[in-house]
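Read-outs throughout are calculated quantities, based only on the coordinates presented, and are distinct from any laboratory measurement. Predicted model only: the values in this text are computed from it and were never measured. Ideal geometry is used to build each Cβ from the backbone, glycine not excepted, and the neighbour counts take in all protein chains shown.
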Amino acid sequence: TGLTDIKLPNYLSSLWGTILGGAFDGCTALSRIEIPKCVKVIGERAFFHCVKLTEIKIPDSVIKIDTQAFCGCARLACVELGKGLTHIGREAFCNCVSLKTIEIPDSVMSINIDAFSGCSSLKAIEI
């Protein structure tokens, strides 16, 4: 799609604070996303294969990043995880080949299998 920039509205809280699974799956031109502080869950494959997305800041309100949420985001180089995050789903960041480092906040209780598989540039995970 030609969608390049998204600023999600604050009324997402009325939708249970979730970016639904597959919401932006395959938005190959998407390069910027602003996630509001009312979001609690980033659903399965929400940003799957958004190949031009370069950075993402997850607000402290997000507690769960679901399965393959950012899988295949080949240019994703900078990820800032919020301090409220407790769960990183299976293959959540798989094949994010530009990701070099990531800091996991103390609040995270589970990191599922292959969460960072295929991240060939990943040199450091700070826990």
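Computed values, structure above
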| read-out | value |
| --- | --- |
| Dipole in debye (nearest 20) - region 86-127, about Cα centre, beta carbon charges: Lys, Arg +1; Asp, Glu -1 | 140 debye |
| Lysine pairs within the chain, Cα separation less than 18 Å, 8 or more sequence positions apart or different chains | 15 |
| Relative contact order, percent, the chain [alpha-carbon distance under 8 Å, six or more residues apart] | 18 percent |
| In range of the label at residue 121: residues from region 44-74 whose backbone nitrogen is under 14 Å from the point 7 Å along Cα→Cβ | 51-56, 72-74 |
| Point-charge dipole on Cβ atoms (K/R +1, D/E -1) for the chain, about Cα centre, debye to 20 | 180 debye |
